[in-house]
Amino acid sequence: MFDTHADGVQTVCTPSLQTNAQRHQQPFSVHLKKVYLCRLVFYIYCNMANFGFSIKKTRSFNLSQADLRKAERLLEEVPSYRLCIGCGGCTATCSARQFTDFDIRKVHNTFRRGQYDKLADELRKCMLCGKCTLVCPRGVNLRSLIINMRQLLTPSHETF
Amino acid sequence: MGTIALFAICGYKFVRWIKQFDRKQQALIKKNMFSTRIVPALWEVFCECLLHLRITKKNWRLGYMHRSIAFGWFLLIVFGAIESRIGIKGPFHFWCAIFYRFFHHNPPVNGTEVFFTQLMDLLLLYVLSGIFLAFVKKIHSRILGMQRTTKHTTMDITVKIALWAIFPLRLLSESVTARLYANGGFLTQTIGDLFSRPVAEFLELPLWSLYSIALCIFFLMLPFTRYMHIFAELFLIYFRKLGLRDSVKMTGYTKYELSACSRCGMCIDRCPLYNTLDINDVQSVYLLRNLRNLEHHQDILAAGKNCLMCHQCAEDCPVDIDLMSIRRISRDKGDTDMSDNYRYLDNVKGFNAIGRVAYFGGCMTQLTPTISEAMKTIFDAAGVKYWHLDSNRAICCGRPLMQQGFNRQAADLRRKNSELIGSCNATALVTSCPICYHTFKHEYNLSIPVYHHTEYIDMLIKSGKLSVKQSDTTFTYHDPCDLGRGSGIYKQPRKVLNAIGKLKKISAEKENSLCCGMNLGNTVLSLDQQTQLRDKALSVLTEPNPDVVVTACPMCKKAFRHGTDANVKDIAEVVAEHLKN
């Protein structure tokens, strides 16, 4: 799933981090513009692609151009993270999720793919209660993962 | 000369630290400075700094060794001063006591002089026996009951050698002088007579000079080594008796604690990371040393992280340093710890629980719902109206955040939780998680009483609201780290279990119970290592082959359940099964 192909071949999309609430808050004219832009892009893609479906541009990213240094550092600090199978048990049991939109699986997946913006704010929602770590079927040390992600994203700790 | 430098350096350091006390600590000092609390402080100084009673209770050989050096040297100084005061007719200089025999050549004549001479010799022998034991401990520490001692720095080792050299040199110097002037006691005169006169004359000045140099090195280097604990401990005991405690950040009081650590190494033997996992460079003694010397920040962080926070080391510390708080201070997250994170909780409304007992299961109990179901059965059976605070969703008590150094975030959660609990108007708060219990009791300022479910069940049985039937089930009980060593609750769960069945004794219980391995304090251990800790704890619990292994913590239950074929149940479940009706 995370193999980087050699020449900039786009990988499968990552869901965006806007919540539904945020999308609905935009003014209607901006929304309209986005709709037309999407339709235009969709038209172009439909003509470019030879097979029946296409990838929406906003939901794709280029893994070869992503800055994976923080992600690699995270994997060094928390080696058990390599065991993650993406089951989502962590998100299912999350205490913060009982109150707000916080998807820890989405957050750590995104981090691993090199897209760090907005993650620091999301991670502040975590109460560090530890249920995710307890529930993980592969034994990933999620609490350590979250703490390390937060430290890597703090400006004063940033060396890269 | 050494002593002047010593007092100057110590005085400077102490004053600087006092300036670093935080506001709460300063207020306490101003209030209590000259109160009667000085008396228990002096008593503790006598018992611990001189007699080392806490160490003697753990191990009498170690206690004897430390006592002979500390108390012996203290008495030597005191009686030496008295002796020279009596003996010297002229002006009195402070160095006269040290070099008394060198300057005062008359052999002891009257009763007092003979008494003092023999007494000084006896005390010197006492101290020398201690030094001998210390030497033996260096070579083979198990003879004195310690599996492992601290790995000291070069500076510490050098000064230790200087300290060890002081007393044999004193013995030899006094003996040689005794040979020349016959002013020695039973020890010094006997040894002195072994020398011939010309050898004695030749050796006299060099030996006294060496003695003096050893003393000087020791005193000059003392403030930079572990021996600073001699003075720091006096002040620490005084401040502690006045009521000062560690706060969440580094303060002057904590700086006193860091210097009061004598690096005796007693915290290493107890640490489960050492005795089960063979990790021996992260224990409290090394953390304190790194913090004191402000060694490389990364080392402090790395060593600071790898700790279960299970309280075992704090149980053995002879100076009674609050090691858990210092560990937490070392984990302080600084900029990463932001405030104002939990705005999403602002809309969580309070509830009305007038006349009811609020039951807070805790995050972990959400994963072991049989415990909260059992508690509900117990509440119903006792006719107590309750309100299950976190049946749908729960706000964490904040302890996991605090243990990792996110103090501002934990304060946010505390504020919100306190509001909610305060607004519910319950009569009491009962929780089935020891971590939450400790936090609600000591970190929150709730106006209602807080009980752990073991205490509460005990209260219900005592007041007659709950009755349990006897059976012949055998139990072993596991004292959770946070309930036992952390909060001191040992009797109540045992009373409850004895009312239901037969509680068997295990080899490591109460203050010595082993950590289950599943904990929120350590973010470094791998799952394998945690499993090893769990297996060690389980082997102790299943050794007498009980019918049920009883726990009082949802995390311990989750840890043990999959590690053994034996029945593992929480105490609430056991009680719920044995209700009489």
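The values are calculated or read from the model by the stated rules, or taken from the named source; none is laboratory data. Keep in mind that this is a model prediction, so the values were computed, not measured. FYI the Cβ positions are ideal-geometry reconstructions off the backbone, even for glycines, and counts take in every protein chain you see.
Filtering the range B:409-434 to residues that are over 28 Å from the mean Cα position of the chain (by Cα), crowded, with 19+ Cβ neighbours inside 10 Å and not hydrophobic (A, V, I, L, M, F, W, C) leaves B:412, B:417. Exactly one residue out of B:405, B:383, B:398 is at pLDDT below 90 and either over 14 Å from residue A:124 (Cα atoms) or within 14 Å of chain A (Cβ to nearest Cβ) (or both): that is B:405.
A single entry from B:440, B:406 fulfils the requirement of being buried (at least 18 other Cβ atoms within 10 Å of the Cβ), in contact (Cβ under 8 Å) with a residue 40 or more places away in the chain and over 21 Å from residue B:522 (Cβ atoms): B:440. Here residue B:457 fits the description: closer than 30 Å to residue B:545 by Cβ and among the aliphatic types (A, V, I, L, M). Determine if the range B:290-299 includes at least one residue that is part of a helix (DSSP H, G or I), touching a Pro at 6+ places or on another chain (Cβ under 8 Å) and among the polar types (S, T, N, Q). No, the range B:290-299 contains no residue that is part of a helix (DSSP H, G or I), touching a Pro at 6+ places or on another chain (Cβ under 8 Å) and among the polar types (S, T, N, Q). Considering only residues in the range B:330-342 that are outside any helix (DSSP H, G or I) and not charged (D, E, K, R), the one that is surrounded by the fewest Cβ atoms within 10 Å (Cβ to Cβ) turns out to be B:339. Residue count for the range B:241-261 satisfying the condition of being more than 26 Å from residue B:408 (Cα to Cα) and either surrounded by fewer than 22 Cβ atoms within 10 Å (Cβ to Cβ) or in contact with a Gly (Cβ under 7 Å, 6 or more places away or on another chain) (or both): 2.
Can you confirm whether the range B:447-469 contains a residue that is touching a residue at least 12 places away in the same chain (Cβ under 8 Å), closer than 22 Å to residue B:245 by Cα and surrounded by fewer than 24 Cβ atoms within 10 Å (Cβ to Cβ)? Scanning the range B:447-469 turns up no residue that is touching a residue at least 12 places away in the same chain (Cβ under 8 Å), closer than 22 Å to residue B:245 by Cα and surrounded by fewer than 24 Cβ atoms within 10 Å (Cβ to Cβ). Right, residue A:128: at the interface with chain B (Cβ under 9 Å from one of its Cβ atoms) and touching a Pro at 6+ places or on another chain (Cβ under 9 Å) or not? Against the criterion (at the interface with chain B (Cβ under 9 Å from one of its Cβ atoms) and touching a Pro at 6+ places or on another chain (Cβ under 9 Å)), residue A:128 qualifies.
Tell me, which residue of the range A:112-138 that is more than 18 Å from the chain's Cα centre (by Cα) and over 22 Å from residue B:362 (Cβ atoms) is surrounded by the most Cβ atoms within 10 Å (Cβ to Cβ)? My answer is A:138. Within the range B:386-395, the residues that satisfy the criterion of being within 14 Å of chain A (Cβ to nearest Cβ) and surrounded by 15 or more Cβ atoms within 10 Å (Cβ to Cβ) are B:389, B:390, B:394, B:395.
Would you point out the residue of the range B:501-519, among those that are closer than 16 Å to residue B:485 by Cα and in a loop (DSSP other than H, G, I, E, B), that is nearest to the other protein chains (Cβ to nearest Cβ)?
B:519
Out of the range B:525-541, which residues are under 21 Å from residue A:79 (Cβ atoms) and either among the small types (Gly, Ala, Ser) or not in a helix (DSSP H, G or I) (or both)? Answer for the range B:525-541, where residues must be under 21 Å from residue A:79 (Cβ atoms) and either among the small types (Gly, Ala, Ser) or not in a helix (DSSP H, G or I) (or both): B:525, B:526. The residue of the range B:57-84 that is nearest to residue B:240 (Cα to Cα), among those that are surrounded by fewer than 18 Cβ atoms within 10 Å (Cβ to Cβ) and free of Cβ contacts under 8 Å to residues at least 40 places away in the same chain, is B:57.
Scan the range B:312-329 for residues that are over 16 Å from residue B:150 (Cβ atoms) and surrounded by 19 or more Cβ atoms within 10 Å (Cβ to Cβ) and the total you get is 7. Regarding the range B:458-478, can at least one residue be identified that is under 30 Å from residue B:353 (Cα atoms) and under 30 Å from the mean Cα position of the chain (by Cα)? The answer is yes, given that some residue of the range B:458-478 is under 30 Å from residue B:353 (Cα atoms) and under 30 Å from the mean Cα position of the chain (by Cα).
Return a yes/no flag: does the range A:92-100 have any residue that is of a type in the set (Gly, Ala, Ser), surrounded by fewer than 19 Cβ atoms within 10 Å (Cβ to Cβ), in contact (Cβ under 8 Å) with a residue 24 or more places away in the chain and not assigned by TED's automatic domain parsing to the domain that holds residue A:40. Yes, the range A:92-100 contains a residue that is of a type in the set (Gly, Ala, Ser), surrounded by fewer than 19 Cβ atoms within 10 Å (Cβ to Cβ), in contact (Cβ under 8 Å) with a residue 24 or more places away in the chain and not assigned by TED's automatic domain parsing to the domain that holds residue A:40.
Screening the range B:162-207 for residues that are of a type in the set (Asp, Glu) and in a helix (DSSP H, G or I) and picking the one that is surrounded by the fewest Cβ atoms within 10 Å (Cβ to Cβ) gives B:201.
For the range A:131-156, residues that are more than 25 Å from residue B:529 (Cα to Cα) and more than 9 Å from chain B (Cβ to nearest Cβ) total 1. Candidates in the range B:334-364 are the residues that are aliphatic (A, V, I, L, M) and closer than 27 Å to residue B:376 by Cα; of these, the one that is farthest from the other protein chains (Cβ to nearest Cβ) is B:354. One residue stands out in the range B:551-581 among those that are free of Cβ contacts under 8 Å to residues at least 40 places away in the same chain and in contact with a helix residue (DSSP H, G or I) (Cβ under 7 Å, 6 or more places away or on another chain): the one that is surrounded by the most Cβ atoms within 10 Å (Cβ to Cβ), namely B:568. Of the helices (runs of 4 or more DSSP H) lying entirely inside the range B:219-282, those carrying at least 1 residues that are among the small types (Gly, Ala, Ser) and more than 27 Å from residue B:515 (Cα to Cα) are B:229-241, B:252-260.
Here's a check for you: in the range B:365-380, which residue that is surrounded by 19 or more Cβ atoms within 10 Å (Cβ to Cβ) and either in contact (Cβ under 8 Å) with a residue 24 or more places away in the chain or within 14 Å of chain A (Cβ to nearest Cβ) (or both) is farthest from residue B:405 (Cα to Cα)?
So the residue we want is B:378.
One residue stands out among those in the range A:61-84 that are outside any helix (DSSP H, G or I) and surrounded by 14 or more Cβ atoms within 10 Å (Cβ to Cβ): the one that is farthest from the other protein chains (Cβ to nearest Cβ), which is A:61. Answer yes if at least one residue in the range B:547-566 is among the β-branched types (Val, Ile, Thr) and in a helix (DSSP H, G or I), and no otherwise. No, there is no match, as no residue in the range B:547-566 is among the β-branched types (Val, Ile, Thr) and in a helix (DSSP H, G or I). Among the residues in the range B:484-491, are any among the aromatic types (Phe, Trp, Tyr) and away from every other protein chain (no Cβ under 14 Å)? Yes, there is a match, as at least one residue in the range B:484-491 is among the aromatic types (Phe, Trp, Tyr) and away from every other protein chain (no Cβ under 14 Å).
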